[in-house]
Amino acid sequence: MHVGTGSSFLEQLSAITEGWDGSIERRYCHLSNVSALLNQYLERINWVGFYLMKEDRTALVLGPFQGKVACTDISLDRGVCGLAARSKQSVRVDDVHTFPGHIACDSASRSELVVPLINKNGDVLGVLDVDSAQRGRFAEDDQHLLERAAKIISQALWT
Ligand code: SME
């Protein structure tokens, strides 16, 4: 486990996503705090944040994040994020240099974990993306924790 204590992290995550009033502004407000919380808890990462599904469902658009300036639009047929959104599955890449079509926003990134945000109808709302400069940084327990986080976020901030 590379994250503080899992339960305390999830408790804090639940607390900061409470009180969504249905507005886009408040959603972005809470997602901003979630990206800050993730950046505080996850060790050895260089980027963490959200890409949200465009209304026409053709691409992902950059949302709240922590890290270097990133690409703003990711077509669903591109990158690790596109694959996670398309397949509705988490994608863990130990070495992004071996992933065909990887989009390098920060050239220091070496491994990546992308978890889809899915609503109760099974529609993809966006993805949670975490990058690390360390090869093989993300393990199965990181994936499971972020999948639980993605579920809490989806339930709290989308109807
Ligand atoms: N590497 C991602 C693009 C987003 S950045 O990592 C912030 C991808 O290949 O989809």
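The values are calculated or read from the model by the stated rules, or taken from the named source; none is laboratory data. Since the structure is predicted, the reported quantities are computational estimates derived from the model, not experimental observations. All Cβ positions, even for glycine, are placed from backbone atoms using ideal geometry, and neighbour counts span all protein chains on display. Side chains are part of the model used for accessible areas, which takes the heavy atoms of the whole protein and leaves out ligands, DNA and RNA. Shrake-Rupley method; radii C 1.70, N 1.55, O 1.52, S 1.80 Å.
So here's what we get for this one:
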item	result
Any chance R86 is part of a helix (DSSP H, G or I), more than 10 Å from the ligand (Cβ to nearest atom) and in contact with a Phe, Trp or Tyr (Cβ under 8 Å, 6 or more places away or on another chain)	no
Every residue from the stretch 120-159 that is farther than 17 Å from L42 by Cβ and part of a loop (DSSP other than H, G, I, E, B)	K120, N121, G122, D123, W158, T159
Any hit, the stretch 106-129, residues being within 15 Å of the ligand (Cβ to nearest atom), open to solvent by 10 Å² or more (accessible area, probe 1.4 Å) and at positive phi	no
Subset tally (residues that are over 15 Å from the mean Cα position of the chain (by Cα), free of Cβ contacts under 8 Å to residues at least 40 places away in the same chain and open to solvent by 40 Å² or more (accessible area, probe 1.4 Å)) for the stretch 88-101	5
